[in-house]
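Engineer: My questions will all concern the structure given below.
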Amino acid sequence: MSGKKNSPNKSATTSATLTRRSLLRGSALFGGGVLLSQGVTGAPAVPRGAPRKWDLEVDVVSIGSSSGGLLGAIMAQDHGLRAAVLEAAELIGGGTARSNGGMWIPLTRLQRDLGFTDSKEAAMNYIRSTSLGRHDETKLAAFLEDGPLVVDYVNERTPLQIVGSVSGDYYDHLPDSRAGRVVWPNLATSAKLFEQRDRYPLLERVRIPAVPMSVGGQPGVTSDFGGGNALIGGLVAGCADRNIPILLNTRARTLIRDGGRIVGVQAERNGRSFYVRARRGVIIASGGYEWNEELNRRFVPYPDRIYPVTAPENRGDGHLMAMEQGAALALMDCAVWMAALPTPGEKDWGIATGGIQGATISAYPGVIYVNRHGRRVCDEGFYPAVSRAIFAQSATKESAYENLPLFWIMDQAARDKYGFGPLPPGNNEMRPWFHRADNIRDLARQIGVNPDALEETVNRFNAFAREGRDPDFGRGRIRPNDIVREERARARERGGGEEESRSYLSGQLAPLEKPPFYAARLGLGSVGHRGGVVTDRHCRVIDVRGEPIPGLYATSNSAAQLAVGAGYSSGQSIALSLVGGFVAARHIALEGAVDGATAHRSAR
């Protein structure tokens, strides 16, 4: 990456008196900064109350360096409060840094500037159509109101710059879908920040994306630089400019409550308990619980293990700490689910982390998925449809799940072009975790599927695929989402010949014709769990009685994504995290200003 170094950030002053208007608009406080990083080992010690001595005292503590955790700290500092960020890992940004960095935030001026029309009612109707009835209208309305404010605030007050794009909704065939709802970090601006390692040393500790991904069509994506770390990097630089400490390898374990209010956090750091006082509030932003096998067993209605691709530190620490305080939970069965390919005995591959011997996987031309009856069940190229098929309940007494197990079926032509799991193109080795046969009927027998049914399924799919259509599930054509668009672009760039280009351009369709044929049992992968603690319009954590827990806030995948419910469009998780951090810090500052004014009037 090249380019001129950034000039010092915009300077601003901090008003000694906070008004409601200034709190809503935001003021800025800048300065040079040193960020902290230390190791940690040891078991947690659970305190019963406030310790005799605090190791660090601030006004606001963000637990986790997600986009919401970082922006929450920035927002708090900009309103005259001292903030700190505790990060359990040795790297910054969690799953967000490994993503493409897209944010689903409708109604921004960026959307309007590109000429795309939208409305609050259209956005709400879109969510009503996709949430499966599990969203909260108040939360949705608040998110749509606050989202554009957050984009403006970030662009005006932080080194991170957000840009618009044509990207919109996954379900863009719905009447209330609109283009331009997904915004992105500006790669060029963030690249210049990453050149300033002397000024921003912790940019070296920001996670890199799992694989190169499209970032709203922007150039500059490489194997170690993309949307997710560009987004997190801009916020890390914003923390540095404000002298906000980011304490790495500092795992928050227990919330400290005093007089009915959350007043601090007990963490693990340097092999001992580390106590952080939060005079005004704690923001839980520690991500999902996909790496916590016990919580998965309790809350996810799936009979086997889950293959996560997020940071291994996503163990549900924030969920557990809030649950200990009586927090209510919602959407705990929801995640950004994808099909996964279990590969026991293999080293890490794909975007897997942590030696889990399996990774998420997406279908491509020459691949179909079939259930235990040998029937296709979904649009294999649209990953949310795959997960819904996996969770489909049986209408018979044969099994709790109609489509489990689900099998990956492919021919040799597809394997020659794309490989299979950890085996690259040109490698025709066999493994214990998949099957090969010279014809479809023999393949069916190997995996325990009815040969007549599988043969009929393949023949039907092939006949339509040759015509470039899929009347059964509308593969590719009905929902030309970002993943399909990206694969089409890659096909053009590869110049893979007329056959390959036509396959992608017609919706990832290609017949399964060339023997031998292959099959493997699919599993379930998570790109991030979306269930968590219930929060109100101000991101305050709500207890099981429906009352806010004083001093406790939550965002990122630690908070239930009630603004959008059980449905999902790309970029919603990151957007909800970012907006949630802003809203939480705004309320913390506003609450303190109101309390202070009340106390002043009482004293008179």
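Rule-based calculations on the coordinates, nothing more; no lab input. Because the structure is predicted, anything quoted here is derived from the model rather than measured. Cβ placement follows ideal geometry from the backbone for every residue including glycine, while neighbour counts extend to all protein chains displayed.
Engineer: Would you please give the residues with an amide H less than 5 Å from that of ARG242, counting only those at least 5 places away or on a separate chain, with H modeled from the backbone geometry?
Structural biologist: Placed amide hydrogens put GLY31 under 5 Å from ARG242.
Engineer: Sort the following peptides by mean Cβ neighbour count (other Cβ atoms within 10 Å, averaged over residues), highest first: 567-579, 100-112.
Structural biologist: Peptide ranking by packing, descending: 567-579, 100-112.
Engineer: 5 Å is the cut-off here: which amide hydrogens, built 1.01 Å from N in the peptide plane, fall below it relative to ALA359, excluding neighbours closer than 5 in sequence?
Structural biologist: Long-range HN contacts for ALA359: LEU341, THR343.
Engineer: Filter the GluC sites (Glu not before Pro) in the stretch 333-401 down to the DSSP loop ones having no more than 16 other Cβ atoms within 10 Å, then list what survives.
Structural biologist: Values: sites: GLU346, GLU380, GLU398; in loops: GLU346, GLU380, GLU398.
The qualifying sites are GLU398.
Engineer: I've got another one for you. Could you tell me the convex hull volume per residue, in Å³, taken over the Cα atoms of the stretch 89-141?
Structural biologist: Expressed per residue, the convex hull around the Cα atoms of the stretch 89-141 is 138 Å³.
Engineer: Same structure, new question: As a test of understanding, state the convex hull volume per residue of the stretch 263-341 from its alpha carbons, in Å³.
Structural biologist: So the per-residue hull volume is 125 Å³.
Engineer: What list of ³J(HN,Hα) values in whole Hz, one per residue of the stretch 246-256 in order, does the Karplus curve 6.51 cos²θ - 1.76 cosθ + 1.60 (θ = phi - 60°) give from phi, with Gly and Pro shown as x?
Structural biologist: Here the 3J(HN,Hα) series is 10, 8, 7, 6, 10, 8, 5, 10, 8, 7, 9 Hz.
Engineer: Could you pull the Cα extents of the stretch 521-585 along its three principal axes, largest to smallest, in whole Å?
Structural biologist: 47, 24, 16
Engineer: May I pose another question? Would you kindly derive the ³J(HN,Hα) couplings of the stretch 532-544 from the backbone phi angles with the Karplus curve 6.51 cos²θ - 1.76 cosθ + 1.60 (θ = phi - 60°), listing them in order in whole Hz, with x for Gly and Pro?
Structural biologist: x, 6, 7, 10, 9, 4, 9, 6, 6, 6, 9, 8, 5
Engineer: Can you list residues whose amide H is under 5 Å from ILE92's amide H, if they're 5+ apart or on another chain and H is modeled 1.01 Å from N?
Structural biologist: Correct list: VAL206, ARG207.
Engineer: Taking θ as phi - 60°, what are the ³J(HN,Hα) couplings along the stretch 104-116 by the Karplus curve (6.51, -1.76, 1.60), each to the nearest whole Hz, with x for Gly and Pro?
Structural biologist: These are the phi-based 3J(HN,Hα) values: 7, 9, x, 6, 7, 5, 5, 5, 5, 4, 7, x, 9 Hz.
Engineer: Hey, could you grab the Kirkwood Rh for the stretch 137-192? Inverse mean 1/r over distinct alpha carbon pairs, Å, one decimal.
Structural biologist: The Cα-based Kirkwood calculation yields 12.9 Å.
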